[in-house]
Every structure is written in C-alpha cells, then in structure tokens.
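Data first, discussion second: the structure below is written as structure tokens.
Values in this text are rule-based calculations from the coordinates and carry no lab data. Quick caveat, the model's predicted, so the values are computed rather than measured. Quick reminder, even Gly has a Cβ in these numbers, built from the backbone with ideal geometry, and neighbours come from all protein chains shown.
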Amino acid sequence: MRVTVDGVVVDLAEESTALAAVRIAGADLPTLCHDDRLTPVGSCRTCMVRLDGRVVAACVTPAVDGAQVGVEEEDLRRMRHDAVEVIVSALPPQALEGDGELARVCRALGIGPQAAQGGTDQGRDHSHPFVHLDRDLCIACGRCVRMCAEVQGTFALTLVGRGSETVVAPGTGGPWAESDCVACGGCVDTCPTGALTEPGLPIGTHLASLTRTRTTCGYCGVGCALEVLTRDGEVAAVRPAKDGPVNRGHACVKGRFAHGFLRSPERITRPLLRRRSGLEPVSWDEALDHIARGLWAAVNEAGPDAVAAISSARATNEENYLIQKFMRVVIGTNNVDNCSRLCHSPSAAGLTAAFGLSGGTDAFEDVERADCLLVVGANPVEAHPVVGARLLQRVLRGARLVVADPRAVGLAGYADVHLRPRPGTNVALFNGLANVLLTQGMVDEEFLRHRASGLPELTAILAGYPPDRVAEITGVPAADLIAAARLYGQAKRPAIVHGLGVTEHLHGTDGVRTLANLAILRGAVGTDRGFGVNPLRGQNNVQGASDMGALPDLLPGYNRVTDSVARGRAEQVWGTEVPDHDGLRIPQMFAAARSGDLRALWIIGEDVCATDPDTNQVIEALESCPLVISQELFLSETARHADVVLPAASWLEKDGTFVNFDRRFQRVRPALVPPDQARTDFAIVHAIAAAYGADLGCPTPAEALAECGRVAPVFAGITHQRLDREGAIPWPCPNAEHPGQARLYLDRFATPDGLAHLAARPYLPPGESPDDDYPLILITGRRWAHYNSGNMTRRSGTIDLDPSDHIDMHPADAAHHAVRDGDTVLVESRHGRTTLPARLTEEITPGQLFCTFHFSSSRANALTSGHADTVTSCPEYKVTAVRLRRTQGRS
Ligand code: FES
C-alpha cells in the first residue's frame with residue numbers, strides 16, 4: 001500500500017496505521033498513550049493528523065492505499081498542543097522535570113513547565129521494592145495496565161477513580177507490595193509520566209547523563225537483550241532492549257532488578273588461600289603459585305587425568321572455550337564438564353540421537369506462531385518468565401495448550417488439558433500420547449515414509465501403551481491423555497517446549513527421545529507443519545558452555561574426542577595432541593575425588609555443594625581432594641570447602657558472548673569494571689596458564705571465539721564483529737556470509753542417514769518410588785524471584801519479594817501428618833535430612849512435595865539421591881522418596 005505524508009510518498013505493509021506511515025516518512029509526531037508493544041487505544045489525542053480530510057488519531061487509524069496524511073498543518077499542531085496541555089494541567093510541576101517521555105512531548109509541542117498546575121494530594125505507594133507509584137503524576141493513559149495484561153500476562157493492574165482523579169492501582173486493592181505484581185518492570189518501562197518509577201531512576205533523572213551498555217542477561221537461558229544504565233560505577237537501572245530478538249522490550253524481575261549483588265559487602269574481591277586458621281586473603285601471585293604447584297604435583301604424581309575442571313554455564317563462551325582448551329592442551333586431559341550435566345544433558349543426547357544436532361529445533365518466534373503448545377515438565381512463568389509471558393500471550397490469542405506437569409504450574413491454569421503424571425513416568429505418558437496419535441490416524445505418513453526411520457519398532461512397542469494402561473502407570477486419566485493427543489495431533493502447527501521435568505530423571509534421555517517421537521509422528525519438525533522440540537535451557541549460557549566443548553566427550557562444536565578427524569582439526573589449531581579418550585563427568589569427578597584418584601578439582605562459578613545432588617557425598621569429595629580451586633563471586637558453600645578461592649567478575653563486568661536456548665549467539669559487554677582485585681574468568685584462566693608456564697594464545701575474547709570457529713565449523717561464521725553489527729546469529733553458521741540457521745532440518749536431518757530417528761523405548765520405573773518407609777515424593781525446582789543456588793538473587797533486592805524457603809505440600813497430606821501452614825517439618829530421605837517450614841497448597845498433588853534449591857540453608861540437595869540418567873548421568877532431581885514429620889508449630 002502507498003500513502004503520502006506531507007508530500008512524502010511511503011510504501012506500507014497492509015494493515016499498517018497512519019502512525020506507521022508518519023514514522024516511515026520521518027515526520028515528527030508525538031504520542032503519549034501509544035507504545036509499539038501494546039494494542040493502541042487512541043485515548044490521549046496527542047497524535048492527531050488529517051487523513052483524507054478527516055482529523056483522526058494516527059495511532060488507531062488504519063492507513064488506506066492512496067491516502068493523503070497531513071501532519072505539519074497549524075490547526076493540527078494546535079489540537080495536539082491543546083490536548084496535551086489539558087492533560088498536563090492536572091499534574092504537579094515535577095511531571096515536566098528531567099527528560100522523561102512526557103517532558104519530551106511537552107517540549108516538542110512548546111508546552112512549558114508553567115502548564116503543570118496540579119497539586120500533590122493523591123499520595124504515593126512506595127511499598128514495593130522495585131515499583132514506586134506517585135498517583136499525582138498518573139494521566140490514566142492505561143499503558144501500564146495494558147503492559148501488565150498484554151505483554152506480561154499477570155493482569156495485576158487496573159484504573160480506579162473518576163475523571164481527572166483516575167489512577168492506576170493494583171487490581172487486588174491495598175498496597176502494591178501485596179498485589180499480584182511479579183516485578184517485571186514493564187509498567188515502569190512504559191509509563192510516560194514518571195507516575196511509575198524504579199528506585200534507581202526517580203522522576204527527573206536525566207537519562208543522557210547515564211552511560212548505556214547493551215548486553216545480554218546473565219540469569220536464565222532466554223537471552224534477553226538489556227540496556228544497562230550506569231552512573232559513577234554503579235548500576236542505576238537495567239532496561240530491556242526494545243529490539244531484543246527474544247525479549248522484544250520485556251524482561252523479568254531478575255534481569256531487570258536483581259543486580260544488587262554486584263556491590264554486596266559479601267563479594268569476594270581478593271584471592272583467598274586456605275591456611276591452618278582457614279581461608280585468608282593473599283596476593284594474586286601467591287594464589288596462582290599455589291595453584292600451579294598443586295596442578296604440577298597432581299599431574300606428576302598421578303598423571304593428567306588426576307586433574308578435572310567444572311566449567312561454568314554462567315561464564316561466557318570465550319571463557320568456556322579457554323577453560324576446555326587449558327584442560328586439553330596444557331593439562332592433557334578431557335576431564336572438563338559443565339552444569340548441563342545436571343540439567344539438559346539428556347536434551348542434548350536425545351535431540352542429537354533423534355535429529356542430529358544438540359540444540360532446540362526451531363527459533364522461538366516460530367514456536368510462538370504455533371497453534372498448539374505442548375509444554376512439558378517446565379514452569380516458564382517462573383523459571384523463564386519472558387518466555388512464559390510470550391507463551392501465555394500466544395494462548396490468550398487462541399493457541400491451544402496442553403501442559404504436562406505434576407504441579408499446577410503457572411501456565412496450567414490456562415491449559416485446555418493439564419496432564420499430571422506421577423513423577424518418573426514421562427516415558428509411559430509420551431508413549432501413551434504416541435499410541436493415540438498412531439491408532440487414531442493423526443500421523444504424517446508421507447513424512448514418516450521419506451524422512452524418518454524406526455516406525456515398525458515404535459509401532460510394536462506402542463501396542464503396549466494403550467490409554468488405560470498408561471493411566472494406571474502415570475495416574476493421568478485415559479480421557480485426558482486422549483484429549484491431549486488429539487489437540488497435538490490435529491493442530492496445524494504444533495510445538496513442543498520442555499524443561500527439566502523431562503530430563504532430570506533416571507530415564508531422562510528416553511524421556512526426550514519419546515517426546516521427540518510425537519513431533520516426528522506428526523511431521524512437525526524440519527517442515528512448515530510444526531515447530532519441533534525446544535528445550536528451555538536453565539542457566540544463561542548452558543547451551544554455550546556445551547557448544548564450546550566444556551564436556552568430557554566432546555570438543556567444541558560437538559565433535560567427539562574419539563573422532564580422529566575432529567581431533568586432528570583441533571590439534572592443528574592448538575598445535576598439540578588432544579587426548580583421545582573420554583574424560584570424567586561431574587559425578588565421576590566427585591567419585592574419583594572420594595576414591596583418591598582425583599588430586600585437583602577446579603570449579604568455576606558453580607556452587608556444587610548447593611546445586612548438585614546428595615550434598616553430603618559432594619562435600620566428602622571436596623574434602624578428599626588435595627587441591628580444590630573455586631572461582632566465585634561469593635563465599636558459597638563450595639568456596640568454603642576450597643583450598644584456593646579466586647574472586648571472579650560477574651556477567652555485568654565481562655566481555656564476550658552467550659548462546660541462548662534457541663542457539664542464538666549474542667554479545668555480552670562490560671557495564672562495570674570488576675571490584676578491587678576481582679578478574680574475569682577469561683583473565684583468570686590465562687593467569688593460571690601463565691603460572692603453569694603455558695601460553696593459551698587468543699589473548700582477547702574476540703580472538704578466542706574466532707579460534708573456536710576454526711576448531712568447530714558450525715561456528716565458523718560467527719565473530720564479535722558480526723555480532724556487533726547484526727545483533728544475534730544462531731548456529732549453525734558455517735561462514736561469514738551465512739545468516740545462521742534458526743530453524744533446523746528443512747532439507748534433511750543432521751543424523752548420518754539424514755532421517756529423523758523414532759525411538760522405541762519402554763517405560764522403566766524411576767530410581768526411587770514411595771514405600772512404607774518413605775511414602776512421599778519430593779520434586780525440586782525454581783521460584784520466580786530467585787535463580788539457581790540463589791547466590792546472586794539472595795544478595796539483591798529480590799530477596800524482599802521471596803525472603804525464605806518452604807516446602808509445598810497438599811492440605812490432605814498436611815492433615816494426615818498433623819501439619820499446619822507455617823509449621824516446621826523435618827524432611828528425611830535415604831540420603832539426608834533437612835527442616836523447612838510447610839506451605840499448604842493445592843498446586844501440588846497429594847503424595848508429592850516441592851521445594852527449591854535457592855537457599856543453601858535449606859539443604860534441599862542433602863535429600864536428593866545419586867540416581868542419574870542412565871545415558872548422560874543427569875541427576876534424578878525430580879523423584880526422591882521422602883518422609884516427614886512436624887517438629888514445631890508456626891514460628
Ligand atoms: Fe495516539 Fe494517544 S498516542 S491517541
């Protein structure tokens with residue numbers, strides 16, 4: 001469509017508004033109630049234009065082909081001026097201070113500060129730690145209300161009052177802190193007047209005086225693009241980047257507000273060395289010398305395989321690349337692993353076996369176009385809030401939703417069908433769904449004939465999983481199973497999103513394989529008839545840590561260490577031999593330490609004493625190992641057991657890249673310098689190499705990524721320079737001209753035969769089942785205000801939103817155990833015990849309990865077992881048999 005704006009002809013997409021035409025034409029037109037992220041409402045009349053002779057609000061008026069739009073006409077200017085002047089007249093003078101949106105609109109319209117003549121009598125609500133409301137500044141534009149509903153999907157806000165006294169308020173009434181607000185900050189971000197502000201950026205702040213740094217969030221694996229605003233070496237605020245490819249101008253409480261840990265007095269800022277009296281501050285030289293001598297002693301006395309490193313899913317790609325290179329090139333061992341071992345290693349193994357590559361099959365924007373979402377074993381509303389919000393919006397706009405999770409997690413309330421399988425029965429559930437797809441003819445026979453293998457074997461095994469039998473195993477009613485299968489089976493473009501509820505099981509890889517069967521049966525992967533299978537990665541760079549080869553069996557780019565061709569390529573780049581046998585996985589490292597075979601363990605940015613299963617066994621391993629090095633922000637439980645603790649930089653102090661859950665490389669840039677003597681992990685690895693007498697080359701992160709591309713062809717086209725220009729690039733990206741492949745397998749699967757591989761896997765019971773001694777099943781997971789071990793979020797303002805841990809139990813179980821809400825209960829498993837306050841909730845199924853591992857004092861992982869996925873060694877966090885008893889009443 002073609003439109004003329006003040007004589008300038010512009011081409012427009014169908015269904016564009018007059019406002020879009022004005023912007024393309026480059027004309028100056030203020031807006032106030034409009035935000036591109038929201039449905040336009042046209043209430044403020046700031047954007048008046050003339051369209052084919054009619055005076056209209058540009059933001060809500062569709063452009064029509066051939067239309068003439070007038071913007072700069074004097075009467076229109078006057079109308080816009082008068083409309084805003086009326087709005088401003090009810091506001092107090094400070095509304096026009098600073099360079100907020102309203103102040104800028106007023107300046108553009110020639111409205112001076114004297115126009116603001118309102119009083120200050122409606123009061124403030126500063127009850128919330130991150131969202132402050134000044135009612136006198138509210139113009140009732142409703143942007144905050146729409147943001148909360150249309151982007152975040154929390155529906156926490158409303159407009160109350162009449163006429164000029166209309167203001168935003170929590171829908172629950174009462175103070176903001178007691179509302180349903182999840183502190184995403186979207187309302188603050190969109191507010192044009194300063195009625196809603198955050199503590200770091202009060203009304204009147206001149207944004208131009210702040211330094212802006214574009215980076216990628218260091219919390220979960222969503223990969224939100226953020227703008228960090230700093231002043232005098234401190235973070236003033238963090239804003240979501242409006243052009244962030246995944247977050248699109250949205251963020252969550254963690255990325256946006258959980259940065260207080262940076263200046264925590266508990267931050268480690270000097271190296272610490274264990275002496276007789278405990279850990280004491282030392283110089284970097286002394287710490288590095290101690291480490292080098294310890295590594296030399298381990299290698300000389302017991303060989304290179306007596307040394308191991310746990311790399312960090314919180315560290316950058318370049319840091320992970322350098323760490324695995326150090327282990328392979330300098331020490332001469334493949335004993336390097338990362339925490340994907342504890343979360344999505346079954347996704348990596350399962351997706352590789354099914355489709356060929358170790359990553360989600362599609363870009364998230366494709367998933368978001370699906371007409372049926374199957375969300376399995378994931379609670380994105382809390383663990384990946386930006387993805388959770390976008391999935392919810394998709395559902396609110398009409399997509400069907402099947403949630404499979406034992407708990408009534410956030411999305412379950414919107415599900416067409418909520419399947420609640422007994423923990424540990426996923427394989428039976430997925431086989432049951434596949435049985436219905438197959439027996440009711442909801443499969444893509446053409447796809448199965450030409451692009452998949454394994455159908456006869458799968459058909460044979462699925463005969464043993466009719467809905468009634470699956471109902472017996474899983475506890476899911478047969479009718480619900482059939483209804484869910486029909487929703488997925490009859491959708492035009494179904495998508496699967498899964499989380500740790502699929503992977504953290506004794507048969508987690510089988511869970512991923514049997515889940516992938518559903519997409520293959522429907523031809524909903526590698527085609528335009530669906531959006532495959534997409535794991536929600538937990539930590540910010542857990543995908544990248546594995547991509548970079550911080551794995552004991554895989555070199556950068558997922559080439560096996562046993563593959564002589566891949567090894568030869570790495571050896572050519574690195575100029576030395578690479579060991580040809582698999583190294584130790586994390587659980588094997590701990591076992592080797594306990595048996596005395598491991599003499600040095602280097603742990604980078606992981607609090608294994610809090611996050612790994614069977615804490616007592618982990619502590620015994622650390623205490624048995626002659627040299628334990630911990631690189632950390634804080635004196636975590638793990639650091640307390642180390643011999644040397646090195647002060648590390650955080651994600652806001654680093655240069656490099658992360659890879660998010662849909663395989664996108666994005667830049668990480670330092671907004672601050674590390675405090676005192678803290679260093680980046682990149683610098684620390686180089687320093688340890690130098691102390692050991694080695695030079696790792698690649699002196700900068702950019703050079704490290706470039707070198708990685710020479711070792712791993714799938715990353716060859718990705719460089720810092722390109723990312724700085726283009727923003728985000730998904731892998732595979734084999735050369736500098738390649739745009740990166742967001743959606744995989746459109747031509748062929750990356751398996752050796754080019755086919756998708758169906759998997760015929762039987763249901764096998766979990767490692768632990770309830771019995772007379774331990775009659776309940778404990779599930780562990782995350783809550784919205786915290787992250788992983790909680791070392792960062794517990795030291796940020798987020799602690800005020802969720803200050804303590806508890807164990808969730810169903811009221812029926814509580815009654816059976818004579819437990820009331822808030823009572824302290826002793827929880828015991830075969831592996832350990834802990835005490836926690838009880839929270840009674842029907843979110844949990846009777847017979848099950850739920851707690852997080854965010855609070856080290858809770859010792860949740862003292863309870864969890866050493867059972868692990870039979871393929872990848874991923875711990876069975878989701879199924880631990882426990883018992884409980886009340887120890888005392890409410891505190
Ligand atoms: Fe168009 Fe408010 S911005 S009417």
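Taking Rh as the Kirkwood radius computed over C-alpha pairs, what is the Stokes-Einstein D of segment 660-730 at 37 °C in a medium of viscosity 0.692 mPa s, expressed in µm² per second?
Values: Rh = 13.9 Å.
Approximately 236 µm²/s, per Stokes-Einstein.
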Practice item. About the Cα centre of the chain, how large is the charge dipole given +1 on each Lys and Arg Cβ and -1 on each Asp and Glu Cβ? Please answer in debye to the nearest 20. Key: 460 debye
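For every other residue with a beta carbon closer than 14 angstrom to the beta carbon of ALA115, add +1 if it is Lys or Arg and -1 if Asp or Glu, then tell me the sum. Write out the running numbers ahead of the final one.
Numbers: positive: ARG80, ARG107; negative: ASP82, GLU85, GLU97.
Here the charged neighbours net out to -1.
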Review point. Could you give the alpha-carbon Rg of segment 263-344 over 2.2 N^0.38 Å, rounded to two decimals?
Key: 1.28
Review point. How big is the shadow of the Cα convex hull of segment 765-845, averaged over all directions, in nm²?
Key: 6.5 nm²
Practice item. Over all alpha-carbon pairs in segment 112-253, figure out the percentage whose distance exceeds 28 Å. Key: 21 percent
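So, R0 is 60 Å and r is the distance between the beta-carbons of VAL55 and ASP232; what FRET efficiency does that work out to, to 0.05? Before the final figure, lay out each step's value.
Working: r = 48 Å, r/R0 = 0.80.
Plugging the Cβ-Cβ distance into 1/(1 + (r/R0)^6) gives 0.80.
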Practice item. Can you spot the lysines whose alpha carbon is less than 30 Å from LYS242's alpha carbon? Ignore those fewer than 8 places along the same chain. Key: LYS254, LYS654
Practice item. Calculate one ³J(HN,Hα) per residue across segment 604-619 by plugging θ = phi - 60° into the Karplus curve 6.51 cos²θ - 1.76 cosθ + 1.60, and present them in order as whole Hz with x for glycine and proline. Key: 10, x, 10, 9, 5, 6, 9, 9, 8, x, 6, 3, 4, 5, 5, 4
Exercise for review: Compute the normalised compactness of segment 686-837: alpha-carbon radius of gyration over 2.2 N^0.38 Å, N being the residue count.
Suggested key: 1.72
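In what sequence do VAL573, VAL188 fall when counting other Cβ within 10 Å, fewest first?
On the way: VAL573 18, VAL188 24.
Starting with the residue having the fewest Cβ neighbours, the order is VAL573, VAL188.
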Check your understanding: Taking Cα centroids, how far is segment 266-282 from segment 56-110 in Å?
Key -> 60 Å
Review point. Given charges of +1 on the Cβ of Lys and Arg and -1 on the Cβ of Asp and Glu, with all other atoms neutral, how large is the dipole of segment 95-144 about its Cα centre, in debye to the nearest 20?
Key: 160 debye
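How much mean residue ellipticity at 222 nm does the chain get from its helices, if each DSSP H run of length 4 or more adds -39500 (n - 2.57) and you divide by all residues, to the nearest 500 deg cm²/dmol? Each step should come with its number before you reach the end.
Values: 29 runs with 254 residues, N = 891.
The helix-only estimate for the chain comes to -8000 deg cm²/dmol at 222 nm.
Across every pair of different alpha-carbon atoms, what Kirkwood hydrodynamic radius in Å does segment 763-808 reach? Could you put the intermediate results ahead of the total?
Values: mean 1/r = 0.0754 Å⁻¹.
Mean inverse Cα-Cα distance, inverted, gives 13.3 Å.
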Point to revise | Stokes-Einstein D for the chain, Kirkwood Rh over Cα pairs, 10 °C, 1.306 mPa s (µm²/s) | key: 55 µm²/s
Exercise for review: With 5 Å bins from zero, work out the P(r) of segment 84-182 over every alpha carbon pair and list the percent per bin.
Suggested key: 2, 13, 21, 22, 19, 14, 7, 2, 0
Review point. When TRP296, TRP176 are ordered from fewest to most other Cβ atoms inside 10 Å of their Cβ, what list results?
Key: TRP296, TRP176
Revision key, fill the gap. Residues whose modelled amide H sits under 5 Å from the amide H of LEU419, counting only those 5 or more places away in sequence or on another chain, are VAL403, ALA404, ASP405
**Study point:** Inter-site label distance for GLU165 and SER804 at 7 Å from Cα along Cβ, in nm
**Key:** 4.0 nm
Study note, to complete from the structure: About its Cα centre, segment 666-774 carries a charge dipole, from +1 on Lys and Arg Cβ atoms and -1 on Asp and Glu Cβ atoms, whose size in debye to the nearest 20 is 680 debye
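Would you mind counting up the charge near GLY790? Only other residues with Cβ under 12 Å from its Cβ, with Lys and Arg at +1 and Asp and Glu at -1. Spell out each step's value before the answer.
Values: positive: LYS254, ARG782, ARG783, ARG794, ARG795; negative: ASP607, GLU637, ASP802, ASP805.
Around GLY790, the surrounding residues sum to +1.
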Exercise for review: Quick one: grab Rg to one decimal and Dmax as a whole number for segment 349-481, Cα atoms only, in Å.
Suggested key: 15.7, 41
Review point. Dipole of the chain (Lys/Arg Cβ +1, Asp/Glu Cβ -1, origin at the Cα centre): which of THR835, PRO674, GLY847 lies farthest to the positive side?
Key: GLY847
**Study point:** Extended-chain gain in nm, criterion 0.36 nm per residue less alpha-carbon gap, ARG710 and HIS450
**Key:** 90.2 nm
Study note, to complete from the structure: Taking segment 519-627, the whole-percent share of alpha-carbon pairs separated by over 20 angstrom is 59 percent
Revision key, fill the gap. Given the candidates PRO752, GLY740, ALA195, the one whose Cα lies deepest towards the positive end of the charge dipole of the chain, counting +1 at each Lys or Arg C-beta and -1 at each Asp or Glu C-beta, is ALA195
Review point. Over segment 397-439, how many percent of alpha carbon pairs lie in each 10 Å bin up to the one with the longest distance?
Key: 28, 46, 25, 1
Exercise for review: Round to the nearest 0.05 the FRET efficiency obtained for ARG212 and GLU74 when R0 = 30 Å and r is the Cβ-Cβ distance.
Suggested key: 0.25
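What FRET efficiency comes out for GLN721 versus ASP28 if R0 is 45 angstrom and r is the Cβ-Cβ distance? Round to the nearest 0.05.
Details: r = 34 Å, r/R0 = 0.77.
About 0.85, to the nearest 0.05.
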Check your understanding: Based on Cα positions only, what radius of gyration and what Dmax would you give for segment 713-793, in angstroms?
Key -> 22.1, 63
